[in-house]
Structures are given as C-alpha cells and as structure tokens.
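So the structure is just underneath, and the comments pick up after that.
The values are calculated or read from the model by the stated rules, or taken from the named source; none is laboratory data. Small disclaimer: the values here were computed from a predicted structure and weren't measured. Note that each Cβ is placed from the backbone with ideal geometry, even for glycine, and that neighbours are counted across all protein chains shown. These area figures cover heavy atoms from the full protein model, side chains too; ligands, DNA and RNA do not enter into them. Shrake-Rupley method; radii C 1.70, N 1.55, O 1.52, S 1.80 Å.
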Amino acid sequence: KLPKNTLFTLDRVEGDYAICENRDDGKMYNIPKSLINDSAKDGDILKFCDGKFEIEKEITEENSAYINDFTII
C-alpha cells in the first residue's frame with residue numbers, strides 16, 4: 001500500500017498499462033490504463049485520488065518548466 005500523497009511520473013503507455021515511476025523511490029509500476037485520467041500524457045505528474053490517478057497540473061507545469069530551462073550543447 002502506497003502513502004496517500006505518493007506522486008508518479010507517467011513514463012509511457014504500453015497496451016492496457018501506464019508505466020509510471022514513483023517519484024519518491026524511483027520504482028516503476030504497471031498501472032491499469034483504466035485508472036489513469038484519459039487526458040494524461042507522457043511526463044505528467046499523477047496522484048491517486050478517489051480511485052483514479054489524477055494529473056497534478058501545477059507540479060507537472062513546474063516540472064516541465066524546470067526541464068525546459070536546460071539547454072543541450
């Protein structure tokens with residue numbers, strides 16, 4: 001059983017499963033796609049709430065902005 005406020009990063013979708021990384025310990029989980037918000041996309045931050053994994057929009061935006069700050073040389 002995971003702590004209530006555990007956050008996940010949606011890595012990818014494979015078939016009927018969303019492959020998600022636990023942001024606390026880096027472990028990967030195969031979560032049934034039916035439990036993931038339909039609008040979720042790779043890189044979104046998710047939190048389990050009321051029986052589904054919902055997108056944490058603010059954290060996702062902050063994470064995206066942080067990643068976009070890096071430039072590849």
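The set of residues in segment 47-73 that are modelled with pLDDT of 90 or more, assigned to a strand (DSSP E or B) and open to solvent by 40 Å² or more (accessible area, probe 1.4 Å) comprises 47, 54.
Counting the residues of segment 7-46 that are open to solvent by less than 60 Å² (accessible area, probe 1.4 Å), in a loop (DSSP other than H, G, I, E, B) and touching a strand residue (DSSP E or B) at 6+ places or on another chain (Cβ under 6 Å) gives 3.
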